[in-house]
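K.L.:
Submitted below is the structure of interest, expressed as structure tokens.
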Amino acid sequence: MLTLGIESSCDDAAVAVIETSAPGIATVRSSTVANQDDIHRAYGGIVPELASRNHVVTIVPVIERALSDARCTLGDIDGIAVTSGPGLVGSLLVGLMFAKGLAQATGIAMVGVNHIEGHLLAPLLENRIAMPYLALVVSGGHTALFAVEDFGRYRRIGRTRDDAAGEAFDKVAKLMGLGYPGGRAIDELSRRGNRKQVRIPRAHVKGAPMDFSFSGVKTSVATLLATAGGQAERQEDLAASFQEAVVDMLVKPTIAAARELGADTIALTGGVAANSRLRERLAQAAAADGRRLVAPALKYCTDNAAMIALAGSYRLLRGERDSLDIDAEANLSL
Ligand code: KG4
Ligand code: ZN
């Protein structure tokens, strides 16, 4: 079965074609992303109005490219999976309305997909993983731990109480003048820094060992920069020390959750899964605890449509389809 995936929940417009033989078992035929970083960089963050306007411009070329990369036409597609939330409502609407139009015009079955479900299942694009597994979703918009018990059965067992980890990376990068989005710049700078040089307090959520909190580390860096006029610490050391604090605060609750769940596999997903130190430390911590870390290729960690197609395809395989009445929901919960 060929599924066309469409994802436009935030600033990237992504389209993919996957071939599914059984739930969670798929080959990616194509996966295309139209990235908008160049448009939002000047503003130091995503401007929702600009994001949705650009989706309108790029959606058709991205769909055409995904189909041609997959060497197929719309006539070969058996089902459409489209992100219906959570995300920026204007952005979501572009992909969703386009998918509805396609479904209406062609009669192809369409299902709406929760973006987070896509991230949770993304590790299956390249790996066979027995369920239940633990997934750490860590991106610019989300930081949470989920038990993936079965297709369609997910239990959130930890969450951030304030900022997402990626948001902390981006805000600190902005304070340090490293541009937007800044997670990768901090990662690269950190390789040359001493991660023990600057003292950054780690936050733990009292009574909730599987929850996260990142607003404090961001404030620590802001205070350091303000009081020292930004001159006291080497940029490299500040980046490395901040990154180590965030990694510590991600690893500890994740291992606690894996123990609680008895999960053999921890799957790491979301844009911050690109962080080299997080991958290294989480792999070490998982191995020391007798568990396996699975981290998808970078292109499947960040927002992409292959994961949306995968999350829709198990329902399409069962013969399910959503009505054309489904709506974009900015706060859609899983
Ligand atoms: O999943 P994603 O592409 O978009 C959503 O937020 O949904 O994630 C983007 C986030 C940004 O906050 C970006 O700074 C962060 O992922 N990021 C990183 C790295 N690469 C991307 N954070 C830390 N280290 C990286 N190497
Ligand atoms: Zn995402």
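K.L.:
Taking helices (runs of 4 or more DSSP H) that fall entirely within the range 235-334, which contain at least 2 residues that are open to solvent by less than 10 Å² (accessible area, probe 1.4 Å) and either assigned by TED's automatic domain parsing to the domain that holds residue 138 or within 14 Å of ligand 1 (Cβ to nearest atom) (or both)? Walk me through it before giving the result.
P.N.:
Details: elements: 235-261, 276-288, 298-301, 306-317.
Ranges flagged: 235-261, 276-288, 306-317.
K.L.:
Can you tell me how many residues in the range 115-144 are under 12 Å from the mean Cα position of the chain (by Cα), more than 13 Å from ligand 1 (Cβ to nearest atom) and assigned to a strand (DSSP E or B)?
P.N.:
Counting residues in the range 115-144 that are under 12 Å from the mean Cα position of the chain (by Cα), more than 13 Å from ligand 1 (Cβ to nearest atom) and assigned to a strand (DSSP E or B) gives 1.
K.L.:
Yes or no: residue 112 of a type in the set (Gly, Ala, Ser) and at positive phi?
P.N.:
So residue 112 does not fit the description; no.
K.L.:
Examine the range 96-103 for a residue that is in the same structural domain as residue 10 (by TED's automatic domain parsing), open to solvent by 50 Å² or more (accessible area, probe 1.4 Å) and either within 16 Å of ligand 2 (Cβ to nearest atom) or not in a strand (DSSP E or B) (or both), and state whether such a residue exists.
P.N.:
Going residue by residue through the range 96-103, those that are in the same structural domain as residue 10 (by TED's automatic domain parsing) are 96-103.
Right, trim to open to solvent by 50 Å² or more (accessible area, probe 1.4 Å) and you get 97-98.
From what's left, either within 16 Å of ligand 2 (Cβ to nearest atom) or not in a strand (DSSP E or B) (or both): 97-98.
Looking for residues that are in the same structural domain as residue 10 (by TED's automatic domain parsing), open to solvent by 50 Å² or more (accessible area, probe 1.4 Å) and either within 16 Å of ligand 2 (Cβ to nearest atom) or not in a strand (DSSP E or B) (or both), one finds at least one in the range 96-103, hence yes.
K.L.:
Failed condition for residue 174, given (1) part of a helix (DSSP H, G or I); (2) near ligand 1 (Cβ under 10 Å from one of its atoms); (3) more than 10 Å from residue 272 (Cα to Cα), with all others met?
P.N.:
(2)
K.L.:
I would also like to ask the following. Among 200, 186, which is assigned to a helix (DSSP H, G or I), touching a helix residue (DSSP H, G or I) at 6+ places or on another chain (Cβ under 6 Å) and surrounded by 14 or more Cβ atoms within 10 Å (Cβ to Cβ)?
P.N.:
None of the others qualify; the one that does is 186.
K.L.:
Any residue that is touching a His at 6+ places or on another chain (Cβ under 6 Å) and not charged (D, E, K, R) - is there at least one of those in the range 283-297?
P.N.:
No, because not a single residue in the range 283-297 is touching a His at 6+ places or on another chain (Cβ under 6 Å) and not charged (D, E, K, R).
K.L.:
Can you confirm whether residue 92 is part of a helix (DSSP H, G or I) and under 19 Å from residue 303 (Cβ atoms)?
P.N.:
When the stated conditions are applied, residue 92 passes them.
K.L.:
Consider only pairs whose beta carbons are under 6 Å apart and that are at least six residues apart or on different chains; among these, list those whose first residue lies in the range 116-128 and is over 14 Å from residue 332 (Cβ atoms) and touching a residue at least 12 places away in the same chain (Cβ under 8 Å) and whose second residue is part of a helix (DSSP H, G or I) and open to solvent by 20 Å² or more (accessible area, probe 1.4 Å).
P.N.:
Listed by first residue and then by second, the contacts come to nothing, as the list is empty.
K.L.:
When the range 230-268 is examined, which residues are found to be touching a Ser or Thr at 6+ places or on another chain (Cβ under 8 Å) and closer than 24 Å to residue 122 by Cα?
P.N.:
If the condition is that a residue be touching a Ser or Thr at 6+ places or on another chain (Cβ under 8 Å) and closer than 24 Å to residue 122 by Cα, then 249, 250, 266 are the ones that fit.
Per-residue answers, yes or no, for (1) outside any helix (DSSP H, G or I); (2) open to solvent by 40 Å² or more (accessible area, probe 1.4 Å); (3) more than 25 Å from residue 133 (Cβ to Cβ):
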residue: 11; (1), (2), (3): yes, no, yes
residue: 15; (1), (2), (3): yes, no, yes
residue: 31; (1), (2), (3): yes, yes, no
residue: 41; (1), (2), (3): no, yes, yes
residue: 83; (1), (2), (3): yes, no, no
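K.L.:
Exactly one of (1) within 16 Å of ligand 2 (Cβ to nearest atom); (2) farther than 22 Å from residue 332 by Cβ is unmet by residue 171. Its number?
P.N.:
Condition not satisfied by residue 171: (1).
The values are calculated or read from the model by the stated rules, or taken from the named source; none is laboratory data. Note that this is a predicted model, so its numbers are computed, not measured. FYI the Cβ positions are ideal-geometry reconstructions off the backbone, even for glycines, and counts take in every protein chain you see. Side chains are part of the model used for accessible areas, which takes the heavy atoms of the whole protein and leaves out ligands, DNA and RNA. Shrake-Rupley method; radii C 1.70, N 1.55, O 1.52, S 1.80 Å.
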